[in-house]
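The values are calculated or read from the model by the stated rules, or taken from the named source; none is laboratory data. Small disclaimer: the values here were computed from a predicted structure and weren't measured. Cβ atoms come from the backbone with ideal geometry, glycine included; neighbour counts cover every protein chain shown. These accessible areas exclude ligands, DNA and RNA; they are computed on the full protein's heavy atoms, side chains included. Shrake-Rupley method; radii C 1.70, N 1.55, O 1.52, S 1.80 Å.
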Amino acid sequence: MASASSPPQKSGQVDVLDSPLISGLPDDIALLCLARIPRRYHGILRCVSKKWKALLCSEEWRSCRQRHDLQETWIYALCRRNKRRNCYYVFDPNSDRRSWTCLQSVPPQCLKREGMAFETIGSKLYVLGGCSWGEDSTDEVYFYDASINTWAKGCPMPTPRYIDQKHLTDSKGFGTLTKGNTKMSLGGRVLPIPIFSEEGKRCYFVSAVLGDRLYTTDGAGMGSKTFQTWDTYDPCLDSWTSNQDRKLAADVQKLISLDGKIYSIHEPNHEFHYAGTFDPTDNDWEHSNSEIALCWRGPTVIVDEILYMLDETSGAKLMRWQEETGDWVSVGRLSPLLVKPPCQVVANGRTIIVIGKGLSTIAVDVDKAAKVGGMLVSSFSLPELDSDLSVLSCKTITI
Amino acid sequence: MSSGDSGPSSSKQLVQQPAAAGRSPNQPPLLGAGGRKVIVLKSGDEEEFEVDLLDAMQSRTLRRAIEDGCGDGPMPLPNLTGPVLAKVVELFRRHRGDPRWADELQETEKEGMFKDYAPQKPTAEVKGFDREFVSVDRDALFDLLRAANFLEAPGLLDVTCDAAADAVMNMTVEEVREYFGLVNDYTPEEEAALRKQHEWAFQ
């Protein structure tokens, strides 16, 4: 891992920079040739020379592949095996030999924790926070950089407001926690054991990526608090900022990034559901159309700025959010034989990929998928890989 | 090359701009005829090739030279050898109407001069020709890549870059180094660590 950042400092550096990418060709032509090599071979290219390795994680490489429509999207899945241990899988949906491959060299911390957030920005996959038996919730951030195939540690999330173990019960049997130097009453709530910091956002919190920023806030069921706060991560600066706003309601079930805004979908209260929106241009939370909040029911994905939800309340039904009419319309059902719930969904171009238990996978083209007997016909499907795996979250990285 | 023919008239000067500025009516006299005009290209080793004027427009370099009025006599291309130029001229002929360059050309010209060159998807025949065209050894492929770079010919560049990328797929790290004439600048330890990291790419 250390080798990724350290080497090009010493003696050979000048030679490395001066030598051509390919001997006998101008560098811009060499780049055009190399950029056409599919992503599955990039691991080999990185081993050829230092200059090639540097090229493959450069902005120049990324923009060349983007300009010439050569970018490839891979899917990353965070899975949990037998409710005990995490594993990370990657899948190339455009390959002829489609199969899930387990990511190696994952930091041990990312293997045992649960309640972590899982997000991608650019070529990086972030694994944030989480907790495990015998370990309080953490503020640690790890990321996997797909352009160099290495894991590293990022800037920790903003200072967690730890539950002060000494003050867990006072004489009246009420819990207190320290937030900075202020003590807050926990109102006699029964504290779970182990104690996950109730007011922190390190475990079972919600997140979304908008533009090149990552947003996180407390998840649902995080107990009483005066304000719902949210944090913003800037991957370029590797730094966090914290914010709070009275208008951000509590019990956020998930955050969705859509139309240049963040939608907060809240846990339904009896029959009442609620959604808010956050506009980063004025840094303000507003109420939103509440019907969109029906997507608390299932995993969501956005295809070309259109929101889809996989409603798994009875079978698996793909629904599309219709902004103009403000309601959900059915796209079709998925065959329970091909993909086992609970599922996660991601998009690859105009294709929605549904990943179920055991990494059973199907792909549905939102434009072309025909329906047979009300069931959507998939463009490809993969059988279950390992029945012990539950898929917790899926994201994509395009390089 | 453009400096070879000094004293372009003011009307020719104007010609280079309409593409960007969108005012097209002024055409260079050479292109005005609209018929099957040919120009002569001369390789570094003094071989001469006749090429349809419109085919030659697939090269931005040649296009600029023609617009600068260099197309009257044989046009010297000192850094291309006869065999390379022969192949390139043949590709230009086969790529007539290829969208990889015809799109660009249609945008630049407003008089309908290239209307016979309506972009069409490469046919199976053209694709077959392309495959044959790059079935050459490494050195010959590099000659063609350098020619594509010098001539700024998108179609030629596309075919040759694809071929170079195809060539190294399924090669080992050592084979890639040998093919591209690269020296391994990793220490054995660095390389071992990197290979371990990318183990699944070597399966």
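Given the criteria within 9 Å of chain A (Cβ to nearest Cβ) and of a type in the set (Phe, Trp, Tyr), does B:Phe129 qualify? For B:Phe129, the condition - within 9 Å of chain A (Cβ to nearest Cβ) and of a type in the set (Phe, Trp, Tyr) - is not met.
Among the residues of this structure, A:Lys112 does not count as one that is closer than 14 Å to A:Trp151 by Cβ, surrounded by fewer than 19 Cβ atoms within 10 Å (Cβ to Cβ) and of a type outside the set (Ser, Thr, Tyr).
Residue by residue, here is whether (1) among the aliphatic types (A, V, I, L, M); (2) free of Cβ contacts under 8 Å to residues at least 60 places away in the same chain; (3) closer than 27 Å to A:Gly358 by Cβ holds:
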residue: A:Val301; (1), (2), (3): yes, yes, yes
residue: A:Glu305; (1), (2), (3): no, yes, no
residue: A:Met309; (1), (2), (3): yes, yes, yes
residue: A:Trp328; (1), (2), (3): no, yes, no
residue: A:Pro336; (1), (2), (3): no, yes, yes
residue: A:Pro341; (1), (2), (3): no, yes, yes
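Only residues that are more than 7 Å from every other protein chain (Cβ to nearest Cβ) and free of Cβ contacts under 8 Å to residues at least 60 places away in the same chain were counted in the stretch A:46-56, giving 4. Consider the stretch A:18-42 and keep the residues that are touching a Pro at 6+ places or on another chain (Cβ under 8 Å) and in a loop (DSSP other than H, G, I, E, B). The one that is farthest from the other protein chains (Cβ to nearest Cβ) is A:Pro20.
The rows are residues; the columns are (1) closer than 30 Å to A:Cys33 by Cβ; (2) more than 14 Å from every other protein chain (Cβ to nearest Cβ); (3) in contact with a helix residue (DSSP H, G or I) (Cβ under 8 Å, 6 or more places away or on another chain).
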{"residue": "A:Ser63", "(1), (2), (3)": "yes, yes, no"}
{"residue": "A:Ile75", "(1), (2), (3)": "yes, yes, no"}
{"residue": "A:Val90", "(1), (2), (3)": "yes, no, no"}
{"residue": "A:Arg98", "(1), (2), (3)": "yes, yes, no"}
{"residue": "A:Cys102", "(1), (2), (3)": "no, no, no"}
{"residue": "A:Gly115", "(1), (2), (3)": "no, yes, no"}
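Does A:Tyr126 count as in contact (Cβ under 8 Å) with a residue 24 or more places away in the chain, part of a strand (DSSP E or B) and in contact with a Gly (Cβ under 9 Å, 6 or more places away or on another chain)? The answer is yes for A:Tyr126. Do we find that A:Tyr88 is open to solvent by less than 40 Å² (accessible area, probe 1.4 Å), assigned by the TED database to the domain that holds A:Val354 and either more than 20 Å from A:Ser387 (Cβ to Cβ) or among the hydroxyl-bearing types (Ser, Thr, Tyr) (or both) in this structure? When the stated conditions are applied, A:Tyr88 passes them. Of the residues A:Ser23, A:Ser5, A:Ser11, A:Ser19, the single one that is modelled with pLDDT under 95 and under 27 Å from the mean Cα position of the chain (by Cα) is A:Ser5. For the stretch A:360-378, a residue qualifies if it is more than 12 Å from A:Leu307 (Cα to Cα) and surrounded by 13 or more Cβ atoms within 10 Å (Cβ to Cβ), and the qualifying residues are A:Ser360, A:Thr361, A:Ile362, A:Ala363, A:Val364, A:Asp365, A:Ala369, A:Met375, A:Leu376, A:Val377, A:Ser378. Comparison of A:Phe196, A:Phe227 shows that the only residue that is at pLDDT below 80, among the aromatic types (Phe, Trp, Tyr) and in contact with a Cys (Cβ under 9 Å, 6 or more places away or on another chain) is A:Phe196. One residue stands out among those in the stretch A:307-317 that are modelled with pLDDT of 95 or more and out of contact with any helix residue (DSSP H, G or I) (no Cβ under 8 Å at 6 or more places or on another chain): the one that is nearest to A:Ala347 (Cα to Cα), which is A:Tyr308.
Which of the residues spanning the stretch B:158-176 are more than 16 Å from A:Ile22 (Cα to Cα) and facing chain A (nearest Cβ under 10 Å)? The answer is B:Asp158, B:Asn170, B:Thr172. Residue selection: A:Ser360 satisfies the criterion of being more than 19 Å from the chain's Cα centre (by Cα) and more than 23 Å from A:Asp259 (Cβ to Cβ).
Matching residues to (1) within 17 Å of the chain's Cα centre (by Cα); (2) open to solvent by 10 Å² or more (accessible area, probe 1.4 Å); (3) at pLDDT 95 or above:
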| residue | (1), (2), (3) |
| --- | --- |
| B:Ile66 | yes, no, no |
| B:Pro74 | no, yes, no |
| B:Thr81 | yes, yes, yes |
| B:Leu105 | yes, no, no |
| B:Glu109 | no, yes, no |
| B:Met113 | no, yes, no |
| B:Tyr117 | no, yes, no |
| B:Thr123 | no, yes, no |
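Restricting attention to the stretch A:131-143, report how many residues are open to solvent by less than 20 Å² (accessible area, probe 1.4 Å) and touching a Cys at 6+ places or on another chain (Cβ under 9 Å). Summing the residues that are open to solvent by less than 20 Å² (accessible area, probe 1.4 Å) and touching a Cys at 6+ places or on another chain (Cβ under 9 Å) in the stretch A:131-143 gives 5. Which ones in the stretch A:57-103 are outside any loop (DSSP other than H, G, I, E, B), free of Cβ contacts under 8 Å to residues at least 24 places away in the same chain and farther than 17 Å from A:Thr396 by Cα? Passing the criteria: A:Glu59, A:Ser63, A:Arg67.
Would you say A:Thr313 is closer than 28 Å to A:Ser387 by Cβ, in contact with a Lys or Arg (Cβ under 7 Å, 6 or more places away or on another chain) and of a type in the set (S, T, N, Q)? For A:Thr313, the condition - closer than 28 Å to A:Ser387 by Cβ, in contact with a Lys or Arg (Cβ under 7 Å, 6 or more places away or on another chain) and of a type in the set (S, T, N, Q) - is met.
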